[in-house]
Amino acid sequence: MYVCLCNALTDGQVKDAVAAGARKPRDVYAHCNCAGQCGTCGRTILGLIREMAAEPGRHATVQ
Ligand code: FES
């Protein structure tokens, strides 16, 4: 599912960024080699970060 339309970022990409240490939306953008533009996705990205922080083992990614 796309969470950032400006940068075509999916929830999977955001979760990968968070798993790699991103703790703020700007960290996610940096991990994905892009930058925030309209800001609409900020709350959604923050929600994913908080969700993963609350349940760290549930979002393990398979490499
Ligand atoms: S939807 Fe993410 S910056 Fe616009």
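The values are calculated or read from the model by the stated rules, or taken from the named source; none is laboratory data. What you see is a predicted model; the values in this text were computed from it and never measured. Positions of Cβ are generated from backbone atoms using ideal geometry, with glycine treated the same way; all protein chains shown enter the neighbour counts.
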(request) Name the single residue, out of those in segment 1-14 being in contact with a Ser or Thr (Cβ under 9 Å, 6 or more places away or on another chain), among the hydrophobic types (A, V, I, L, M, F, W, C) and not in a loop (DSSP other than H, G, I, E, B), that is nearest to the ligand (Cβ to nearest atom). (result) 4
(message) Among the residues in segment 35-44, are any within 10 Å of the chain's Cα centre (by Cα) and charged (D, E, K, R)?
(response) no
(message) Kindly evaluate residue 44 against the criterion of being without any contact (Cβ under 8 Å) to a residue 12 or more places away in the chain and of a type in the set (Val, Ile, Thr).
(response) no
(request) Can you tell me which residue among 7, 33 is among the polar types (S, T, N, Q) and in contact with a Gly (Cβ under 9 Å, 6 or more places away or on another chain)? (result) 7
(message) Exactly one of these conditions fails for residue 57: (1) of a type outside the set (Lys, Arg); (2) modelled with pLDDT of 95 or more; (3) more than 8 Å from the ligand (Cβ to nearest atom). Give me its number.
(response) (2)
(request) Output the number of residues of segment 15-53 satisfying the condition of being in contact with a helix residue (DSSP H, G or I) (Cβ under 6 Å, 6 or more places away or on another chain), within 10 Å of the ligand (Cβ to nearest atom) and part of a helix (DSSP H, G or I). (result) 4
